[in-house]
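A short worksheet on the structure shown next.
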């Protein structure tokens, strides 16, 4: 609960992301995924809270107000982690997961 609340409190105070990260670093045990999984569950909670879905997706263009150009990198890291985790859960190699996912229709390209 500490990691979740620290993140929420920091965002509520409009703390800079680098400062927020420095507040959270002490909570991360070396060679452990914590608190990453806490943050991803919180992200899922936020999407659920606002009623987003595949049919009614969150418009990600709104991240432009951050005046940053690194959102795509964060999305890349999260996607790689999720694909690897999904392959592990399905008991298949990442290669197979990628091949299967390439056969599915994704979001339309911009």
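The one condition from (1) closer than 21 Å to residue 104 by Cα; (2) outside the structural domain of residue 104 (by TED's automatic domain parsing); (3) under 11 Å from the mean Cα position of the chain (by Cα) that residue 53 does not meet is (3).
Residues checked against (1) assigned by TED's automatic domain parsing to the domain that holds residue 6; (2) surrounded by 12 or more Cβ atoms within 10 Å (Cβ to Cβ); (3) at pLDDT 80 or above:
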| position | (1), (2), (3) |
| --- | --- |
| 38 | yes, yes, yes |
| 47 | yes, yes, yes |
| 64 | no, no, no |
| 73 | no, no, no |
| 85 | no, yes, yes |
| 95 | no, no, yes |
| 99 | no, no, yes |
| 105 | no, no, no |
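Counting the residues of the range 17-26 that are more than 18 Å from the chain's Cα centre (by Cα) and surrounded by 10 or more Cβ atoms within 10 Å (Cβ to Cβ) gives 3.
The values are calculated or read from the model by the stated rules, or taken from the named source; none is laboratory data. Model, not experiment: these values are computed from the prediction. Every residue, glycine as well, gets a Cβ built from its backbone with ideal geometry; the counts of neighbours run over all protein chains shown.
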